[in-house]
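Heads up, the thing below is written out as structure tokens.
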Amino acid sequence: MFKQKIILLLILSTLTVSVFGQRETTLNLPKFEQRFMHFGFLLGLNSANFRLDRFSPNVYGADTLLILEPQSTTGFNLGIVSEMHLGEYFGLRFTPNLAFSQRKLIYTFQTLDGVKQYIKAIESTLVNFPLNLKIKSKRLNNFSAYIIGGAAYSLDLASNESAENKSTNLNDIFIKIGKHDFMGEIGVGTDFYLEYFKFGLELKMSYGLKDIHYREDNAFSNPIDKLKTKMFLLSLTFEG
């Protein structure tokens, strides 16, 4: 539902501006793209999740794993925007940001006492360093659209890879996640040229390229083959 609402919002905003943008208006910030660089900031909502390439049904004592399912949650991002102009239709964007997110892994076991479910929540505080190429449409009055693509490095400040699972109680065992990740990114957005600054609405999808699972010998780690990240980010950008 989160992703569907975001996509619907982008489509409606684009259609609305396209219809009303046909009329001649005063051109705001006419020399904005002629500068070498510009800066700004972003505020965003993210939907973070895992991509589980494969899991193996696992027998742990008298318990058998039936289902392992990742679940997304909503967090937020704060960041800085810097863009180097490579011409009228191209730009190189560096948007370092801080993301607060939570992801869950839901395990369903068949036990001697019946079906039991365990939810393992994984908190992350991510410092992301994305570098994207921005390809812009021709400006229509005070509106333009664009696509972006590139890569990012991510550092998880809340990584628990060095922590120890000392308890044998299944409720207390946690999943270890590594600190470092590399992601491929792709997205779309719209820019609105206002009187004093440019306002943007951007939807970006990031897909982890690295297995971040830190493997251990327990009922929750053993079934996982590879665990990779994915994130959908809806950003409001303010650039001047």
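Every number in this text was worked out from the coordinates using simple rules, so none of it is lab data. Everything numeric in this text was worked out from a predicted model, so none of it was measured. Note that each Cβ is placed from the backbone with ideal geometry, even for glycine, and that neighbours are counted across all protein chains shown.
Here are the numbers:
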quantity: When the range 111-176 is reduced to its Cα atoms, the Kirkwood hydrodynamic radius in Å; calculated: 16.8
quantity: Nearest-0.05 FRET efficiency for residue 162 and residue 88, computed from C-beta distance (R0 45 Å); calculated: 0.40
quantity: Proxy reagent accessibility, fewest Cβ within 10 Å first, across 103, 93, 51; calculated: 51, 93, 103
quantity: Within-10-Å neighbourhood charge of residue 230 [Cβ basis; K, R +1; D, E -1]; calculated: +3
quantity: Ranked by how many other beta carbons lie within 10 Å on average, peptides 118-127, 201-210 from highest; calculated: 201-210, 118-127
quantity: Where Rh is the Kirkwood radius over Cα pairs, Rg/Rh for the chain; calculated: 1.09
quantity: Under 12 Å, Cβ to Cβ, from residue 107 - net charge with Lys/Arg +1 and Asp/Glu -1; calculated: +1
quantity: Degrees between helix 2-20 axis and first principal axis of the chain (Cα, 0 to 90, nearest 10); calculated: 10
quantity: Signed unit charges on C-beta, dipole axis of the chain, positive-most listed residue 112, 203, 178; calculated: 203
quantity: For residue 160, distant residues with modelled amide H under 5 Å away; calculated: 177
quantity: Residue order, fewest to most surrounding Cβ atoms within 10 angstrom, among 191, 225; calculated: 225, 191
quantity: Added length on full extension, which subtracts the Cα-Cα distance from 0.36 nm per residue, residue 113 to residue 39; calculated: 20.7 nm
